[in-house]
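Participant: Here it is: the structure, laid out below.
What follows is calculated from the coordinates using simple rules that are stated; it is not laboratory data. Computed from a predicted model, the values in this text were never measured in an experiment. Ideal geometry is used to build each Cβ from the backbone, glycine not excepted, and the neighbour counts take in all protein chains shown.
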Amino acid sequence: MMKQTDSSTEQMPVIDPARGCCVTIGNFDGVHKGHQTLISHALDFARKVGMPCVVVTFWPHPRLVLGKEHVPLMTRAARLQALRALGPDYVWEIPFNRLVASLSPEEFVKQYLVPLSMRRLVVGHDFSLGKGRAGQPCILQGLGRAYSYTMEQLSPVMEGGSVVSSSRIRHFVEQGGMDLAARMLGHFHFCDGEVVRGEGRGVVLGFPTANLALPETLLPPMGVYASRLDVDGASWPAVTNIGNNPTFGGRKITVETFVMDAPGDMDLYDKPIRVHFVEQLRREKQFPGVEELIAQIARDVEQARACLAKVREQDFLRA
């Protein structure tokens, strides 16, 4: 079956009306285990009946357009990459704006889903669409009778006795519970960005660091983390500090990563990197002096090395 190869995601896929398609729809922030199960189920159905599978999503996140607070778990590019990696035939990203937000459930279905020749709609346990979230599953099922599609709503995906959700994952990340977030995500939480020039203090301390430009995605709380850094197709064990360097009287939040075992000629400046946060080793603290800080960083490195030796390659979502 032909896969989508066009890098553009804003054009409506052209579907053969005689075949129709199976659609699943959502914001998919984090592309967590619940999202993965939803898309896998839609894809399985599509394959069984011989029709393409279309994942419909939105950008920006509706909460931002509606003036609500929201920090995404992933960048737009990382989210689209993760969605495509799950294997649907098309990922269609609808630009979300006030006009889209004002549509009733039926108006949305008529404008966006009926033109896809949708024959099956698969949604998550808490899904709704349309103005005021009026498009509850019972409403969408009723619309299906009018617009010739069937609908299926999946049960919630559970992990550790809790429903897998983006909001729950966001809570774990904000508390520094990287292992708990990873269990729901299916991979360690990460941040993407470019390496920028910092104070150069790491070189003086004997632990040169790559400074990540502050990402637009959710950061864990200030502290020191066992981490991994991806760059140029390679992955390196690392220790990452999020904080304001209180020992040196710093005030600006920085994200600094010391790459273990890095070759001496490694140059990361102005390169895109991905930092995976595996485990919080400690909170950031102010030390009496530089020597005490250096000794603690050395201990952090050894602790991180032991932590990273226990994780599996499949626990990382590579760029």
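Participant: Which lysines, on any chain, are close to Lys131 with Cα under 30 Å apart, when same-chain ones fewer than 8 places away are left out?
Facilitator: Lys33, Lys68, Lys110
Participant: Let me ask another. Just to be sure I understand: of the beta bridges DSSP finds with both ends in the chain, what percent are antiparallel, rounded to 5?
Facilitator: 65 percent
Participant: Which one is right for this structure if semi-axes √(5λ) of the Cα gyration tensor in Å is calculated from it: [x] 43, 19, 17; [y] 34, 25, 18; [z] 40, 23, 19?
Facilitator: Correct label, based on the coordinates given: [x].
Participant: Then there is this: Please list, by residue number, every one of the trypsin sites (Lys or Arg not before Pro) in segment 147-247 that is coil in DSSP and has at most 11 other beta-carbon atoms within 10 Å.
Facilitator: Of the trypsin sites (Lys or Arg not before Pro), the ones in loops of segment 147-247 whose Cβ has at most 11 other Cβ atoms within 10 Å are Arg197.
Participant: Does anything in segment 12-37 have its amide N under 16 Å from the 7 Å Cα→Cβ label point of Gln81, and if so which residues?
Facilitator: In segment 12-37, the label zone of Gln81 (backbone N under 16 Å from the point 7 Å along Cα→Cβ) covers 30-32.
Participant: Work out the charge dipole of segment 21-159 with +1 on the Cβ of Lys and Arg and -1 on the Cβ of Asp and Glu about the Cα centre, then indicate which of Ser104, Val49, Val123 is farthest towards its positive end.
Facilitator: So the residue furthest toward the plus end is Ser104.
Participant: Percent of alpha carbon pairs in segment 144-230 separated by more than 19 Å?
Facilitator: Here the long-distance tail beyond 19 Å is 56 percent of all Cα pairs in segment 144-230.
Participant: Starting from the Cα of Lys285, draw a straight line to each of the lysines and keep only those under 29 Å, dropping any in the same chain fewer than 8 residues away.
Facilitator: Lys252, Lys310
Participant: Could you tally the net charge around Gln153, taking each other residue with its Cβ under 13 Å from the Cβ of Gln153, Lys/Arg +1 and Asp/Glu -1?
Facilitator: Local charge sum for Gln153: -1.
Participant: With an 8 Å Cα cut-off and a minimum separation of 6 or more residues, compute the relative contact order for segment 20-124 in percent.
Facilitator: For segment 20-124, the relative contact order is 42 percent.
Participant: Follow-up question, since we're still on this one. Could you point to the residue in Pro17, Leu212, Gln286 farthest towards the positive end of the chain's charge dipole, with +1 and -1 charges on the Cβ of Lys/Arg and Asp/Glu respectively?
Facilitator: Pro17
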